[in-house]
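**Student:** Got a structure for you, questions after.
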Amino acid sequence: MAEKSDHEMTYPLTPFDGYERIDGESFVSRDELQRKKRMKLFIYIAIFVAFQTIVITVLALTVMQAHVPRALLNKIDVQTLNYNPATPSFNMSFTTEIWIKNINWGPFKFGSGIVQFFYHDTKNSKIIVPIGEAVIPSGKVKMRSTKKINVEVRLNSDALQSHSSDLRSELNRGVIYLRSGVQLHGHLYLMYILKKSKYAVMDCEPDFDLSTKTVTIAHMHID
């Protein structure tokens with residue numbers, strides 16, 4: 001028998017179908033890889049859901065929380081102030097700057113309204129008599145901002161004839177105790193998406209010092 005030449009080489013037999021052999025260990029490793037991928041996917045989904053829940057909760061408690069807009073008398077500049085304790089009577093005119101504060105994350109649009117002024121008897125809290133008013137035009141307050149509106153007011157004591165003794169006592173002390181209030185109906189547009197009906201509310205007590213013609217304003221707390 002002839003010996004093989006030095007130039008002849010022996011090659012291992014390979015399958016003719018072109019496919020690699022896969023043993024049991026390969027199947028196990030592939031299943032394990034798929035399982036790990038699914039676990040990672042579940043973890044990512046859980047993290048995303050938890051994150052979304054936190055974001056929605058924070059938005060609901062802060063940005064999407066609707067707060068009542070507030071109307072405030074910022075200052076009063078007295079033009080005329082006449083009074084007579086003997087009659088007793090008074091009349092006055094002044095300008096005031098009304099602030100409408102909107103702390104919400106969205107604009108507040110309101111219709112026209114009326115700011116009213118009342119005589120407030122400090123001895124009898126039930127005696128509150130309207131003595132004058134002024135019109136507040138409709139408008140819009142941008143989100144987290146304040147709108148300033150100037151109005152002119154004229155007040156007199158014509159409606160207080162039945163309370164002359166109380167008024168005389170106050171005029172002799174050199175002070176007039178008044179009360180002022182307003183409700184402006186409008187709508188909040190939170191994040192320019194959610195629409196809510198709201199009132200801008202004011203309740204305050206301006207006290208007029210007759211000798212100095214100055215005013216001290218005490219605002220009531222409104223929730």
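The values are calculated or read from the model by the stated rules, or taken from the named source; none is laboratory data. Note that the coordinates shown come from a computational prediction; the quantities given were computed from them, not determined experimentally. With ideal geometry, Cβ positions are generated from the backbone for all residues, glycine too; neighbour counts draw on all protein chains shown. In case anyone asks, the SASA skips ligands and DNA or RNA and just uses the protein heavy atoms, side chains included. Shrake-Rupley method; radii C 1.70, N 1.55, O 1.52, S 1.80 Å.
**Student:** Carbon-plus-sulfur fraction of the accessible area of the stretch 114-211, 1.4 Å probe, in percent?
**Tutor:** Working: 2450 of 5350 Å².
The value for the stretch 114-211 is 46 percent carbon and sulfur by accessible area.
**Student:** Once the other residues with Cβ under 11 Å from the Cβ of PRO88 are scored (Lys, Arg +1; Asp, Glu -1), what is the net sum? Show your work: numbers first, answer last.
**Tutor:** Values: positive: ARG168; negative: ASP166, GLU170.
Summing Lys/Arg as +1 and Asp/Glu as -1 gives -1.
**Student:** Provide Rg over Rh for the stretch 111-205; use the alpha carbon set for both Rg and the Kirkwood Rh (inverse mean inverse pair distance). Mind showing how you got there, number by number?
**Tutor:** Values: Rg = 17.3 Å, Rh = 15.6 Å.
Rg divided by Rh gives 1.11.
**Student:** Here is a further query. In the structure displayed, which of LYS147/LYS213; LYS75/LYS101; LYS142/LYS213 lie more than 24 Å apart, Cα to Cα?
**Tutor:** Beyond 24 Å between Cα atoms: LYS147/LYS213; LYS142/LYS213.
**Student:** Please work out how much length the chain gains when fully extended from THR95 to VAL201, using 0.36 nm per residue of separation minus the C-alpha to C-alpha distance, in nm with one decimal.
**Tutor:** Values: separation 106, 0.36 × 106 = 38.16 nm, distance 1.97 nm.
36.2 nm is the gain from fully extending THR95 to VAL201.
**Student:** Determine the shape class of the stretch 68-154: with a ≥ b ≥ c the square roots of the Cα gyration tensor eigenvalues, call it rounded for a/c under 1.5, and otherwise prolate if a/b is greater than b/c, oblate otherwise.
**Tutor:** Prolate.
**Student:** Please sort by residue number the chymotrypsin sites (Phe, Trp or Tyr not before Pro) in the stretch 94-203 whose DSSP state is loop and whose Cβ has at most 11 other Cβ atoms within 10 Å.
**Tutor:** Numbers: sites: PHE94, TRP99, TRP105, PHE108, PHE110, PHE117, PHE118, TYR119, TYR177, TYR189, TYR192, TYR199; in loops: TRP105, TYR192.
Sites meeting the loop and neighbour criteria: TYR192.
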